[in-house]
Structure formats: C-alpha cells, structure tokens
Amino acid sequence: MHSLERSTGKPLLDAKLHTDSFPNHIRLASPDVVVTIAVTEVCAYNFKTGKKLFTTGKLAAFFRSAAFLDNWPMPEDGAELVRMTQMPSGDAEWAGVRKGTLLSPDALKSFEDSSAETEAFLDAYETDAEGSERKVWWINPQTNRQVEITPSGAHHDVDRRLGMVFSLNGKLMLGTRIESDEKPPTAVQ
C-alpha cells in the first residue's frame, strides 16, 4: 500500500499488506483507516502505518454512502439483490422523491441536507465469516474503530446519513436507529 503527498508527490507510506488474498477494491473508511475487499476476505488497515487492524469474512453486501436505496431483496425465486440507486440529483429528482416518500417532512429535510454534505466515510459492509453469523459493520471516522452489529433479518440496508439499519425477514421489516457509533443500535418495528 502506497501513499503520496498530493502536492509534492513525496512518498508518505510504503507498507506491505499482510493478507491471504489480493484485494480487488480499496476504500478509505476514515482519515486513518483503509478497507480492502478481496474475494475471500475484507481487511482494515491503518492507512498511516500500514498495520492490519482486523480481518473479517467474505463480503456479502456493501452499503454505499452515496446511494438512496442500496440493497433490497428481489423475489425469492433466485434473483439477486436490486442494483444500488444513486442519490437524487437536482430539483426535479428531489421533487419526485418528495411526492412518493413515506418519510416525514422533517426526516426528508434532514435526508436532503445530509446528502448535500460530504459523503466521505459513511460506507458500511456486511460480511459472512465461515462458521459464524453475518455481521454489518463500519469504521467510526472519529475513533477509527470498527462498529459492528448482527441484525436478525435475512436482508439488510444501512443508511448512516439517516442513522438507520433496516432488516427484512419474510414479511417483517425492522428499522433500527443508530444512536451512536460507539454502542449497538436498538430495534423498532
């Protein structure tokens, strides 16, 4: 893993990644943490030192901060998950969302305001380690620590801008409010 100073091109970091499989994708998860996604594992490294922080299982889902609706399931007939949808852009798209939303006016306003802010460091991941339950997690950008939950539903969506984790299990949908990145969320139906 290499890091360069943007203005001068001066090398800042040249660190070997200690991983069992070559990463296909690398995401900056906080000012100091980078997440590497490989076929068989997801790892987190301190970007400034190159030190491996943790390794999780295989990537099961990725929840982008820039998506409006990330990861809802298709019918049970073997179809895969719905493609991620970009956030509305421009007044016309937001007007369409306002007409069809189930969000309260205050929640929608908060959502619009937060979408205009930086999307940095709001991604979340769902990983599946062999022999254990799937977990949903992200990196707290202030503490550079992993925050993880084990939702009970079969399918999930995470929107950290709204501070919500959604789970769908059959006909039951649970909404979980993320009150803080330091403590597990509480579920609401």
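Computed values, structure above
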{"item": "Neighbour-count ranking [beta-carbon atoms within 10 angstrom, fewest first] of T19, T40, T176, T56", "result": "T40, T19, T56, T176"}
{"item": "Cα-based Rg / Dmax (Å) for region 1-67", "result": "12.7, 39"}
{"item": "Ranking of E133, E112, E126 by count of other Cβ atoms within 10 Å, fewest first", "result": "E133, E112, E126"}
{"item": "Per-residue Cβ neighbour rank within 10 angstrom, fewest leading, I26, I178", "result": "I26, I178"}
{"item": "Over 23 Å (Cα to Cα) - which of K16/K48; K16/K135; K10/K51; K10/K58; K58/K171; K48/K135 fall in this group", "result": "K16/K135; K10/K58; K58/K171; K48/K135"}
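Read-outs: derived from the displayed coordinates by stated rules, not from any lab. Every value quoted in this text rests on a predicted model; they were computed, and no experiment measured them. Using ideal geometry, Cβ is built from the backbone for each residue, glycine included, and neighbour counts are taken over all protein chains shown.
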